[in-house]
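Every number here is computed from the coordinates shown, using simple stated rules; none is lab data. All figures in this text were calculated on a predicted structure; none of them were measured in a lab. Don't worry about glycine lacking a Cβ; one is built from the backbone with ideal geometry, like all the others, and counts go over all protein chains shown.
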Amino acid sequence: WSGRTSPRMNITSWLSLVFFLSGVSALIYQVVWQRLLTLYYGVGAVSIVLIVSIYMAGLGLGSLLGGFLAERIKNKIRVYFFIEFLIGCFGLLSISFLRFWGQKTAGGDYWLSAVYMSVFLMFPTVLMGITLPLLTKIFNSFVRNFFDTVSFMYIINTLGAAAGALVSSYLLISFFGLDRAVYSAAGINFL
């Protein structure tokens, strides 16, 4: 052993870090956006369930779309980074957009609130959902063991999500506020 890492090991390490950070940013967004959405649509159990359900539906739809794209596009890495870039752009615009949208639509019943929240959350969450199948396909091209790749990437992203939930709740929002927390998440996407 010469103490050097193989190029394959180096690439998979970078991809793992990228996907860990993707999970961090996704949960920062979820925590902040959930807090902001409750300002306009309520803090009750129904409002929280609607927000989380719409968030998860967007991730699920994005995962389906990501699986379709992962099988059909050639330059998967470029597409993956473009999607992260789009998520970051939406993140930067999300605070102003949500304030505008919330002021125009607050006070409706739960059905209307679900529609309004969907308009806000579907675009970024579908993009977030695309990332797992796309990066899994990229990672698998180096590892060549699909089942290990899927489970490893899911674990890495979940650990990133857990870190994002902790960092957003206990550090970013507490010390820097909601706006800067979102800007931090966007910075991670751009990174």
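Worth a mention:
- Gain in span if fully extended, residue 170 to residue 68, counting 0.36 nm per residue against the direct Cα distance: 33.0 nm
- With Cα atoms defining each centre, the stretch 53-71 and the stretch 27-45 are spaced 21 Å apart in the structure.
- Semi-axes of the equivalent ellipsoid for the stretch 6-105, computed as √(5λ) from the eigenvalues of its C-alpha gyration tensor and ordered from largest down, come to 31, 15, 14 Å.
- Between residue 154 and residue 118, the simple label model (points 7 Å from Cα in the Cβ direction) yields a spacing of 2.7 nm.
- Under-5 Å amide H pairs with residue 106, H placed in peptide plane, nonlocal only: none
- In order along the stretch 185-191, the Karplus-derived 3J(HN,Hα) couplings, from 6.51 cos²θ - 1.76 cosθ + 1.60 at θ = phi - 60°, round to 4, 4, x, 5, 4, 5, 4 Hz, and Gly and Pro are given as x.
- The value obtained for the stretch 72-138, namely the Cα convex hull volume divided by the number of residues, is 83 Å³ per residue.
- Contour excess over end-to-end distance, with Cα ends at residue 147 and residue 13 and 0.36 nm allotted per residue: 46.5 nm
- Around residue 70: net Lys/Arg minus Asp/Glu count, Cβ-Cβ under 14 Å: +4
- All-pairs alpha carbon distance profile, the chain, 10 Å steps from 0, percent: 9, 35, 33, 16, 5, 1, 0
- Centroid-to-centroid, using Cα positions, the stretch 129-187 and the stretch 109-126 are 22 Å apart.
- Residue ranges 103-114, 62-73 sort as 62-73, 103-114 when ordered by packing (mean number of other C-beta atoms within 10 Å per residue, highest first).
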